[in-house]
Amino acid sequence: MDDQQIDEAFDFGAMAQVTTVEADRYCEGCGYNLRTQIVRRDARTQVLLCRCPECGRYHSVSDSASVGRVWLSRVSTLALALWIAVLISVFSSWAFGLFGISAVTLDELGRPWWMGGPQSSNIGLYAYTHTRQYWEWVGPMAAASVGLALVGGIILVIVFPHWRRSWYVATAVVVPLLAGAAVWAMVASDQPRPGWNRPSMGTWAYPYVYGHTLLQMLGGLIGVGMGRQLARLTIRILLPPRLRPPLAFLWVADGLPPPSSK
Ligand SMILES: [Zn+2]
C-alpha cells in the first residue's frame, strides 16, 4: 500500500459516528475546545478519532469520550464534597441575603422617627411616605432586592450550565418565596402586647414583604434569562481568545459552537 492508497482509504467523513466529545478537551495544534465535535471510529484500527474544525488536526479520543472517567481522574471525592459544601453555602447565603434585605427594610421603617421640631413621634418612618428620608431608604433597598436576586440568577446559570430552563425559573421563583415566607412569619409573629406604644408590624409591613418578594423574583428571572449572555460578553471583552476555550461550556450550554481560540 503506497501513500496514495492510504490517503484514499482514510476518509474521516465516511467513518461511523460513535458519539461526540462530551468533556473539555483542547486541540494540541491550536487550543480550540473540541467539546461537541463528532467522534468517529476508524474501522481498520478501531481508534476513536475527532477532528479539530479550526486547524484540521486529528485527535485520538479513546481516553476522553466519557465524562465519568474525566471526572474520576480530575476530581477526587474530597474536592467533590468541598464543591457541594460551597454550593450549599452559596445557596443559603443567597436566600439569607434576600431575607436580610426585606428584614432590614422593615426594621428601619418601623423605627420611631422624628419629623424635626419640638414634637417627637413614636410612629415609624413607614408613616412618612411623603418624605425624602422615606424614599431614600425604600428606593435603595428595593434596588438591593432586584440586584442581589439578579446576581444570584446569573451565578445559577453559570454554575449549573446543564440545568433545564424550567429549573432555573423554578429556583429564581422559589428562593425569593422562601425568603419572603420567613419575613412574612416574622411580621405575623409581631403581636401587640400590653404596654407597647407602637402598632404591630402586621398593621403596615405586609405590602413591603410582598413588594420585596416580587422584586426579588423579577431580579432572579432577569438574571437567569440574561446570565450566560452577559458572561459570554464579559469573556469576549476581558479574555484574549487563547484563554477562552476552558469556558466553552457557557457557549455549549446554549447550543452555540465553542468560542474560537484564535
Ligand atoms: Zn486545532
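Read-outs: derived from the displayed coordinates by stated rules, not from any lab. As the structure is a prediction and not an experimental result, all values here were calculated from the model. All Cβ positions, glycine included, derive from the backbone under ideal geometry; neighbour counts span all protein chains shown.
The helices (runs of 4 or more DSSP H) located wholly in segment 157-262 that include 3 or more residues which are surrounded by fewer than 16 Cβ atoms within 10 Å (Cβ to Cβ) and over 15 Å from the mean Cα position of the chain (by Cα) occupy 165-188, 206-238. State the number of residues belonging to segment 204-262 that are among the β-branched types (Val, Ile, Thr) and touching a strand residue (DSSP E or B) at 6+ places or on another chain (Cβ under 9 Å). Number satisfying all stated conditions: 1. The residues in segment 37-60 that are within 31 Å of the chain's Cα centre (by Cα) and within 14 Å of the ligand (Cβ to nearest atom) can be counted, and the count is 4. All of (1) under 16 Å from PHE91 (Cβ atoms); (2) surrounded by 15 or more Cβ atoms within 10 Å (Cβ to Cβ); (3) over 16 Å from the mean Cα position of the chain (by Cα); (4) not charged (D, E, K, R) hold for ALA144 with one exception: (1).
Number of residues in segment 11-34 that are touching a Pro at 6+ places or on another chain (Cβ under 9 Å) and within 13 Å of the ligand (Cβ to nearest atom) equals 6.
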